[in-house]
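Working notes for the structure below.
The values are calculated or read from the model by the stated rules, or taken from the named source; none is laboratory data. Since this is a predicted model, take the numbers as computed values, not measurements. Neighbour counts are summed over all protein chains in view; Cβ atoms, including those assigned to glycine, are modelled from backbone coordinates with ideal geometry.
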Amino acid sequence: MSTVKPQLASQLATQLASQLEPTPVKPVVLAITGASGAVYGARLLQILLEQAVPTHLTISDSGAAVIAQELGVRLALEKVDAAAMMRASNTFLKQAEVNFDELVEKSKSSGLLTVHHYKNYFTPIASGSFLTAGMVICPCSGSTMSGVAHAASQNLIQRAADVHLKEHRKLILVPRETPLSVFQLENMHRLAQAGAVILPAMPGWYHGVHDMLDLVDFVVARILDQLGVPHTLMQRWKSEGSSEVNDLTNTQE
């Protein structure tokens with residue numbers, strides 16, 4: 001009867017233990033730029049943190065201006081108050097109160113949330129050697145999209161997006177502009193050819209819309225799906241006749 005040598009047994013045990021250890025979750029880069037729809041970015045950040053997804057947040061100066069205009073909170077980009085932004089979004093969506101100060105404090109202390117100034121190139125997300133699960137620009141302004149499409153790298157957001165393209169990682173752009181000029185359409189086409197996902201902020205209406213949150217969560221849910229982040233923000237399509245969502249759309253030809 002053969003026996004396993006103690007050294008080999010120890011190596012096998014170590015390999016087995018490493019296989020059983022949970023795989024670290026790769027971080028997501030979230031950039032908020034100066035397009036209308038700041039609530040999408042704020043809501044996305046909330047869900048990412050609640051789902052314990054490591055998140056690197058950066059906000060452009062125009063993005064902060066839109067946040068002030070649409071959500072009524074002014075952010076100092078040198079020290080972004082992410083809790084205030086999410087709290088304003090939550091109030092806008094008329095949702096139950098959440099302790100966002102605690103959420104942000106716990107997220108920062110555990111390394112789940114890192115905030116970068118949009119002009120600081122000396123950050124991990126500016127390098128291709130920093131591994132991520134993907135990057136989302138939500139919302140994505142036309143100027144940011146143009147900068148990314150032409151590899152301008154005029155700020156950290158554009159540089160990080162360029163990194164995700166060159167490393168063939170997931171890059172999701174969420175434009176809200178309408179109507180679109182031929183130049184904007186060409187930029188989207190160019191980016192899609194380069195591997196980016198163009199995910200316009202176009203909420204569906206077939207999932208039983210009752211309030212503003214349903215519309216916002218529809219878009220956020222599609223972003224999370226692209227990132228592979230589990231969620232229950234909306235009811236998924238099922239086999240025919242097995243859900244109310246199907247019934248709501250059965251009248252379509």
Filter region 126-170 down to the residues that are out of contact with any Phe, Trp or Tyr (no Cβ under 6 Å at 6 or more places or on another chain), of a type in the set (A, V, I, L, M, F, W, C) and not in a helix (DSSP H, G or I) and list them by number. F130, L131, A133, M135, V136, I137, C140, A151, A152
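Which is closer than 29 Å to S153 by Cα, exposed (fewer than 14 other Cβ atoms within 10 Å of the Cβ), without any contact (Cβ under 8 Å) to a residue 24 or more places away in the chain and aliphatic (A, V, I, L, M), of A76, A96?
Working: A96 fails: closer than 29 Å to S153 by Cα.
Answer to the selection: A76.
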Which residue pairs have Cβ atoms under 9 Å apart, sit 6 or more places apart or on different chains, and have a first residue in region 207-233 that is touching a residue at least 40 places away in the same chain (Cβ under 8 Å) and within 12 Å of L44 (Cβ to Cβ) and a second that is of a type in the set (S, T, N, Q) and surrounded by fewer than 19 Cβ atoms within 10 Å (Cβ to Cβ)? L224/Q51; V229/Q51; H231/Q51
Single match in S146, S107, S141 (criterion: at pLDDT 95 or above and more than 17 Å from the chain's Cα centre (by Cα)): S146
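Test E21 against the stated conditions and say whether it is of a type in the set (D, E, K, R), more than 19 Å from T232 (Cα to Cα) and modelled with pLDDT under 95. Steps first, answer last, please.
On the way: of a type in the set (D, E, K, R): yes; more than 19 Å from T232 (Cα to Cα): yes; modelled with pLDDT under 95: yes.
For E21, the condition - of a type in the set (D, E, K, R), more than 19 Å from T232 (Cα to Cα) and modelled with pLDDT under 95 - is met.
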From the list S36, S110, S60, which residue is surrounded by fewer than 18 Cβ atoms within 10 Å (Cβ to Cβ) and within 23 Å of I172 (Cα to Cα)? S36
Checking the structure you have, find out if any residue of region 199-210 is over 16 Å from the mean Cα position of the chain (by Cα), among the aliphatic types (A, V, I, L, M) and in a helix (DSSP H, G or I). no
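How about region 212-232: which of its residues are over 14 Å from the mean Cα position of the chain (by Cα) and modelled with pLDDT of 95 or more? Give the steps one after another, and end with the answer.
To start, the set of residues in region 212-232 that are over 14 Å from the mean Cα position of the chain (by Cα) comprises 212-215, 232.
Residues satisfying the conditions are M212, L213, D214, L215.
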Taking region 45-57 and keeping residues surrounded by 14 or more Cβ atoms within 10 Å (Cβ to Cβ) and part of a loop (DSSP other than H, G, I, E, B) leaves Q51, V53, P54
Which numbered condition in (1) at pLDDT below 95; (2) part of a loop (DSSP other than H, G, I, E, B); (3) surrounded by fewer than 17 Cβ atoms within 10 Å (Cβ to Cβ) is the only one that N246 fails? (2)
